[in-house]
Amino acid sequence: MPQFRVVTDPDDPAVAPFRAIKERDLVGREGLFIAEGETVLRAFVRDAPERVVSLLIDPKRRDKLEDVFAGVPEEVPVHFADQTVLDAIAGFHLHRGVLAVGRKPTPVSAADILARLPERAVVLVLCGIANHDNIGGIYRNAAAFGADAVVLDADCCDPLYRKAIRVSVGAALSVPTARFDRGEDIADLLARTGFEALALSPSASEILAQLKPAPRTAVLLGAEGPGLSPEIMARARTVGIPMANGFDSLNVATTSGIVLHHLRFAEV
């Protein structure tokens, strides 16, 4: 079992990593991240217990989390703080009553992760997606439909930002992730590693429901509004999702779910 201790002073140095969470969200945590809520904690301890650094818990939730504590490494401290102390540490009312500090994994390059995937694989390639809700929703869909990896360009926001983790219900902690270097030729790397680039476009003549995916497929998703660059679109296979009443676009996270569902269950 981990190390249990009670915190009564918000200025206790042992809980410094949990202090002023919203302000620290803006400046970063030097290789660490904050995970929030019971569902996320359960996913974190299940999928990556070796990366759990410490926990801060409302003692009213202790009994419900005993099975989770059993999966936490012995050297990890679990701090219990009553609601008023918890709120003072966090800097806002923490109604979920569950926080964890985690260690980010070692960064992986896009080339490395794509090269080592199996002969049949589906990856999501995200370009310029800076909204944490969308990132979290995409990771949730990636986990639900068994995407083999998510690869982000240099302009995407951090999937291990607290809100993104929460929206992903912890999937951002377990789905294999890599980044392209700024300026790296995304289309070229996908081609060299045997991935067919698939891009969604309202002007595409091919319909997603009729698509027969390649053994290795990379689904390219861009930010809402600007979308994917013309250069990337010109080197991708474009498909469309028919919509009613002349509507021509969907939220990017919703799009990822529809496409992954089709790829997951399409006959290859």
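Every number here is computed from the coordinates shown, using simple stated rules; none is lab data. The shown structure was predicted, so the numbers you read here are calculated from the model rather than taken from an experiment. Using ideal geometry, Cβ is built from the backbone for each residue, glycine included, and neighbour counts are taken over all protein chains shown.
Values computed for the structure shown
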quantity	calculated
Relative compactness, segment 210-268, computed as alpha-carbon Rg over 2.2 N^0.38 Å	1.18
Percent of alpha-carbon pairs separated by more than 26 Å within segment 1-124	26
Candidate aspartates and glutamates - alpha carbon under 18 Å from K22, same-chain residues fewer than 8 apart omitted	D11, E30, E36, D87, D133, D158
Rg in Å to one decimal, and Dmax rounded to a whole Å, for segment 77-167 via C-alpha atoms	16.8, 53
Taking segment 110-265 and dividing mean pair separation by its residue count, relative contact order in percent (alpha carbons under 8 Å, at least six apart)	29
Top of S109, S256, S229 by mean-square fluctuation, Gaussian network on the chain, Cα under 10 Å	S229
Selected from A81, A244, A149 as most flexible by GNM, with the chain as the system and alpha-carbon contacts under 10 Å	A244
Percentage of interatomic Cα-Cα distances in the chain larger than 33 Å	29
Rounded to 5, the percent of DSSP beta bridges in the chain classed as antiparallel	25
Local electrostatic count, P202, Cβ distance below 14 Å [Lys/Arg +1, Asp/Glu -1]	-3
Fewest-first sequence of V53, V7, V122 by Cβ atoms within 10 Å of each Cβ	V53, V7, V122
Global size of segment 135-249 as Cα Rg and Dmax, reported in angstrom	14.7, 40
Spatially proximal aspartates and glutamates relative to K212 (Cα-Cα < 17 Å; intrachain offsets below 8 disregarded)	E119, E196, E267
Listed residues N131, N245, N141, most fluctuating in the chain (Gaussian network, C-alpha, under 10 Å)	N245
Antiparallel bridges, percent of DSSP beta bridges restricted to segment 3-103 (to nearest 5)	60
